[in-house]
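Below is one structure; the comments refer to it alone.
The values are calculated or read from the model by the stated rules, or taken from the named source; none is laboratory data. The structure displayed is predicted, hence computed values, not measured ones. Positions of Cβ are backbone-derived with ideal geometry, glycine not excepted, and every protein chain shown enters the neighbour counts.
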Amino acid sequence: MASQSQTKPRQKADKSAAKAAKKSRNGTAASVPYSQDQLLEMFRQMYLIRQFEVACGEHYAKGDIRGFLHLYIGQEATGVGAVSPLQDQDYIVTHYRDHGHALARGLDVNRSMAELFGRKTGLSKGKGGSMHLFDAAKRFMGGHAIVGGQFPLALGLAFSQKYQETDGVTVCFFGDGSTNQGIYHETLNLAAVWKVPMLFVLENNGYGMGSAVERVRAGSPDFYTDVDKYGIDAVVVDGMDVVAVREATEAAISRLRAGEGPLFIEAKTFRYVGHSYADGQKYREQDEVDEWRRRDPVEAYPRMLLEHGLATQAEIDDLKASVDEQIAGAVKFAEESPQPDPEELFDDVLA
Amino acid sequence: MAEILFREAIKRGLAEALDSDPSVFIMGEDIGEYGGAYAVTDGFLKKYGEKRIIDTPISEAAFVGAGIGAAAGGLRPVVELMSISFSLVAFDQIVNMAANLRYMSGGQIEVPLVLRAPTGAGVQLGATHSQSFETWLAEVPGMRCVCPSTPYDALGLMRTALKDRNPVMFAEPALLYPMRGEVPDEHYEVPFGSANIQREGDDVTLISYGAGMRVLGKAADELAGRGVSAEVIDLRSLNPVDYDTLQTSVEKTNRVLTLDTARRNGGLMAEITAELQQRSSEWLDGPVVRVGAEDVPWPYNRSLEQESYPQPDDVLAALSEHLGI
C-alpha cells in the first residue's frame, strides 16, 4: 500500500469545504467542524472495525475463533465518535461487544485478532478472548462480560482520576440491556454524589440480546430523560452519525475536564447482525434491520464526504485498500502465532 | 509489648498505611461520621479527612466495584463491608472483577484492594448476618483470603495485606473484636500462606482458624487435663493454605481434627481434610475428623444458635467417637 500512495499522491478536496459545509448529514443539518484528515480518519476507523469483524465472522465459521463472538456491526459510528476525542490519560471501560472500542482506541490490530484466535501473541496472551480485550498501556480497561458489571469499575477509575487530581476522564460504554441491572442505578447515584469525571455512553441498539427495549422497560423508550433525577446532564445523539457522536462527546469531555461531574450520552444505534454469531434473530423483522441499514455509517458516511467534497473517491479507495491489507495481515499474524505454552496456564493469576 | 484489643490491632494497621501512603483510602458504610459499625475506623474521619475516609451509600456492589476500579487506577483502597454476609450483594464485583482482572487481561491489570469484613456467627444476628463467606472466597483464584484469630495476627496480616499487590479478603471474626492480646512495639509482619502452631503437642492435631481457635483452645485445655497433648494450628491464611505445616504436624501426631465455625457441609475444612488425607494417609491412625456448624440457616435464638455453633464439647465428642481419644 505504501508504494501505491507514493506513486499516486492522495488527491485532497478543498480543505475549506470542511468548515463551510452546513448541509444535510444523514438527514440532520449541522456543520462539520473537523479537518479532512480527522474526517477521513474516522472513516478509516469505522471501516477497520467493520472489516475486522467481517473477518472475525469468517474465522468463527471456520472454527479459528471459538467461544462467544458478539459483533459490533452497525454500531461503528458510536464507538468511533465517542473514542476519537479521547486523550492518552483517559480511560475506556466497555462491555463484551468490545472490538469496536478497542480498535477505535488504537489497540494493535494484529494482537487483537490474535487474542480472538486465542494465541500467545494476543493482547491478553489468549486468556481473555473476544469479550475481554485489554490494553492497560492505552488505558483500555476491558471488555467486560457480566452485563452491567463494568459500571463500578469505570466509577472507580474516574474516582482515581479525581483523587490523583489529573484532568483525565473515564468513558464507560454500556448497552440498553444493562440498564435494568441495579448496579446501573447505583453507579449513576454514586458517580453523581462523588462528582467524578465519568462519561456514561449508552449504546441503545434497541435490543438486550433478543429482548426489545419496550418489552423489558417500563415507561419511556428514552433513557437520557431518566438521569436528571440523579442530577446528571444528558443528551441524545444519532448513534449512526459519527460526527454527531463526536461533537457530543467533545462537549461532554471538556465539561468533565473542567470538573463538572458525571455526564451522560445516549446514542441511538443498531446492530444488523445477531446478538452473537449463533443468533438467528427470530425476535425481529428483516424490514427493521434493512431500515437501519440504509443509514449504515460505513456506507452513508463516505457518501456524505464525497457529496460535500470533503474527500475524494481515490482517497476513500486507497484507505479501504490499506485497511483490507491490514486485516489480511492481522489474520495471517493470528494464524501464524503460536498457541500459549501449557505452563502459561499458571501465569498472571497473582502478582 | 503492649496488650491491645483485636479491633485496635486492625485500626493500628490501617492507620500506619494511611500515615505512610497517600494512595491509601478507606471507604464503606458509616465508617466516617458514625465511626464504623464495630468502631474500627473511629476517629479516622477527623484525623485523615473526607478525601480519604469516605462514607458510602448502602450500595455494596457499587462501592466494592469502585474500590476495584480505584485500585486498577493506581490507588490502594481499603473497602469495608459491614458484614461478610453483605458480600453476596457484591459477589459479582469481587469474583468476576477483582479476582479475574489480572488473569483475563494477561497480567495487565492489577487490583491491590483490601476488602475487610466482620464474619461469623455467635452474636445472635440471625440467618442473614451470621455467615462466613470467607469459606467461599478462599476457593477463588486470583485473590488472597486471610482471617486472624489474635490481635498479633490481625496487625501482622493487615500489614502484609496493605503491601500485597493482589485483592485480599480480610475476614475479621466479629466475636473477636473485644479480644485482648499482646502486640510488640517493634515492626513485624505475618506473611500470607503461613499457618501458626499456637500450641505444640504430640497426640493429636487440631486445625481451625478465626473464631474456631477459641473453641480449639478450650478443647485442648480439657484434653491436657486428661493427659492428652494436642497440637493446635491456626490456618491464618485460607488462600494460600500452608499445607506443609499441617502435614508435618499430622505426620507427627498421626491424628487430626478440623473445625469450621461455619457450616460443616461444603466448608473450608472439607478441602483441608481431603488434602491431608491424600498427603498423609499412611501416617494417619484414623479418619480425619471434621466438626462444623449444623447444616441449617443461622437461628436468632441464643440456645438454638449455640446448638448449631460447634462447642468444645463437640470437638471432644468427635475425638472420642472417631479416634478413641
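Scanning the range B:19-63 for residues that are away from chain A (no Cβ under 14 Å), assigned to a loop (DSSP other than H, G, I, E, B) and in contact with a Gly (Cβ under 8 Å, 6 or more places away or on another chain) yields B:Asp30, B:Gly35, B:Gly36, B:Thr41, B:Asp42, B:Gly43. The criterion of at least 1 residues that are in contact with a Gly (Cβ under 6 Å, 6 or more places away or on another chain) and surrounded by 22 or more Cβ atoms within 10 Å (Cβ to Cβ) is met by the following strands (runs of 3 or more DSSP E) wholly inside the range A:168-248: A:198-204. Among the residues examined, B:Arg102 does not qualify as more than 11 Å from chain A (Cβ to nearest Cβ) and of a type outside the set (Ser, Thr, Tyr).
Among all residues of the range B:279-296, there is none that is within 23 Å of the chain's Cα centre (by Cα), modelled with pLDDT of 95 or more and in a helix (DSSP H, G or I).
Inspection of the range B:118-125 finds no residue satisfying the criterion of being within 14 Å of chain A (Cβ to nearest Cβ) and either surrounded by fewer than 24 Cβ atoms within 10 Å (Cβ to Cβ) or in a loop (DSSP other than H, G, I, E, B) (or both).
The residue list A:Leu319, A:Leu310 contains one member that is under 23 Å from the mean Cα position of the chain (by Cα), within 19 Å of A:Gly81 (Cβ to Cβ) and buried (at least 17 other Cβ atoms within 10 Å of the Cβ), which is A:Leu319.
Okay, residues lined up against (1) crowded, with 24+ Cβ neighbours inside 10 Å; (2) of a type in the set (A, V, I, L, M):
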position: A:Asp64; (1), (2): no, no
position: A:Ala77; (1), (2): yes, yes
position: A:Gln87; (1), (2): no, no
position: A:Tyr91; (1), (2): yes, no
position: A:His95; (1), (2): yes, no
position: A:Asp98; (1), (2): yes, no
position: A:Leu107; (1), (2): no, yes
position: A:Arg111; (1), (2): no, no
position: A:Ala114; (1), (2): yes, yes
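What residue, among those in the range A:219-270 that are of a type in the set (Ser, Thr, Tyr) and out of contact with any Phe, Trp or Tyr (no Cβ under 7 Å at 6 or more places or on another chain), is nearest to A:Val289 (Cα to Cα)?
A:Thr269
Of all residues in the range A:37-45, none are in a loop (DSSP other than H, G, I, E, B), more than 17 Å from A:Ser276 (Cα to Cα), more than 12 Å from the chain's Cα centre (by Cα) and away from chain B (no Cβ under 14 Å). Across the range B:101-115, the number of residues qualifying as within 21 Å of the chain's Cα centre (by Cα) and crowded, with 24+ Cβ neighbours inside 10 Å comes to 4. Scanning the range B:28-43 for residues that are crowded, with 23+ Cβ neighbours inside 10 Å and of a type in the set (A, V, I, L, M) returns B:Ile31, B:Val40.
Can you tell me which residue is farthest from the other protein chains (Cβ to nearest Cβ) among those in the range B:71-96 that are without any contact (Cβ under 8 Å) to a residue 40 or more places away in the chain and under 24 Å from the mean Cα position of the chain (by Cα)? For the range B:71-96, the residue satisfying everything is B:Phe86. Return yes or no: is A:Gly156 of a type in the set (Gly, Ala, Ser), at pLDDT 95 or above and within 17 Å of the chain's Cα centre (by Cα)? Considered against the rule, which asks whether it is of a type in the set (Gly, Ala, Ser), at pLDDT 95 or above and within 17 Å of the chain's Cα centre (by Cα), A:Gly156 comes out as no.
Could you tell me whether any residue of the range A:285-294 is more than 14 Å from chain B (Cβ to nearest Cβ), charged (D, E, K, R) and buried (at least 19 other Cβ atoms within 10 Å of the Cβ)? No; the residues of the range A:285-294 include none that is more than 14 Å from chain B (Cβ to nearest Cβ), charged (D, E, K, R) and buried (at least 19 other Cβ atoms within 10 Å of the Cβ). Of the listed requirements (1) more than 26 Å from B:Pro141 (Cα to Cα); (2) among the aliphatic types (A, V, I, L, M); (3) surrounded by 16 or more Cβ atoms within 10 Å (Cβ to Cβ), B:Ala317 misses just one: (3). With respect to the conditions (1) within 15 Å of B:Met213 (Cβ to Cβ); (2) crowded, with 22+ Cβ neighbours inside 10 Å; (3) of a type outside the set (Val, Ile, Thr), B:Tyr152 falls short on a single one, namely (2).
Annotation: A:Ile265 fulfils all but one of (1) surrounded by fewer than 18 Cβ atoms within 10 Å (Cβ to Cβ); (2) closer than 19 Å to A:Glu76 by Cβ; the unmet one is (1). When you scan the range A:157-178, do you find a residue that is facing chain B (nearest Cβ under 7 Å), on the phi < 0 side of the Ramachandran plot and in contact with a Cys (Cβ under 9 Å, 6 or more places away or on another chain), even just one? Yes. Answer yes or no as to whether A:Leu306 is modelled with pLDDT of 95 or more and in contact with a Ser or Thr (Cβ under 8 Å, 6 or more places away or on another chain). Taking the combined requirement at face value, the residue satisfies it. The set of residues in the range A:183-222 being within 14 Å of chain B (Cβ to nearest Cβ) and without any contact (Cβ under 8 Å) to a residue 12 or more places away in the chain consists of A:His185, A:Val193.
Contact map, the range B:1-29: residues that are within 23 Å of A:Gly156 (Cβ to Cβ) and without any contact (Cβ under 8 Å) to a residue 40 or more places away in the chain paired with residues that are of a type outside the set (Val, Ile, Thr) and not in a strand (DSSP E or B), Cβ distance under 6 Å, separation 6+ or inter-chain. Pairs shown: B:Leu18/B:Tyr48. Taken over the range A:119-156, the criterion of being outside any loop (DSSP other than H, G, I, E, B), more than 9 Å from chain B (Cβ to nearest Cβ) and crowded, with 24+ Cβ neighbours inside 10 Å is satisfied by A:Phe140 alone.
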